[in-house]
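Below: one structure, written as structure tokens.
Read-outs throughout are calculated quantities, based only on the coordinates presented, and are distinct from any laboratory measurement. No experiment lies behind these values; they were computed from the predicted model shown. FYI the Cβ positions are ideal-geometry reconstructions off the backbone, even for glycines, and counts take in every protein chain you see.
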Amino acid sequence: MKHPGPFRPEPRPPEFDLLSIIVPLVTMAFGVGIGLYCLHDGGRLGDELYVAAMAFVVAVPAGIIVAIDIERQARRDARARSNEVPPPFDINLVWPPEPTPRLDDEDGGAPSGKPQWFGGRKP
């Protein structure tokens, strides 16, 4: 349902470019990864700790980027729906509509000659 009158949306939050977040995170992950590699190559880190640390260094920036992208997409969708209003509070009085009669016979006629209604309600 669309809003019946003029609608003034809330001011938008400040927009930022996703690239301004991706570049520093990837650069930081690359630098920390190089540092971990140097420590592993020098024998300061064991194999298992190196693999775990590299997985963490890659997963954290990737998770942050995905979360920011999901949040931006949710805000775009919310702006698209901003002209809608919720249904009226008494929607249950008119919805669902009254059921149509259902006949018991395959021929199309009820055995007693009268239509059988769902739930005992009659129109």
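Under 5 Å between amide hydrogens, built in the peptide plane, is the criterion, and for L45 it picks out H40 among residues at least 5 positions away or on other chains. Counting Lys +1, Arg +1, Asp -1, Glu -1, what net charge surrounds I68 among other residues with beta carbon under 12 Å of its beta carbon? Result for the local shell: -1. Sequence-ordered 3J(HN,Hα) estimates for the range 60-68 from the Karplus curve with 6.51, -1.76 and 1.60 and θ = phi - 60° stand at 5, x, 4, x, 5, 5, 5, 5, 5 Hz, glycine and proline given as x.
Taking Lys and Arg as +1 and Asp and Glu as -1, the other residues whose beta-carbon sits under 13 Å from that of H40 total -2. Computed from backbone phi, the HN-Hα couplings of the range 41-51 come to 5, x, x, 7, 10, x, 4, 5, 5, 5, 5 Hz, rounded to whole numbers (Karplus: 6.51 cos²θ - 1.76 cosθ + 1.60, θ = phi - 60°; Gly and Pro given as x).
For the range 20-69, the fraction of C-alpha pairs farther apart than 15 angstrom is 46 percent.
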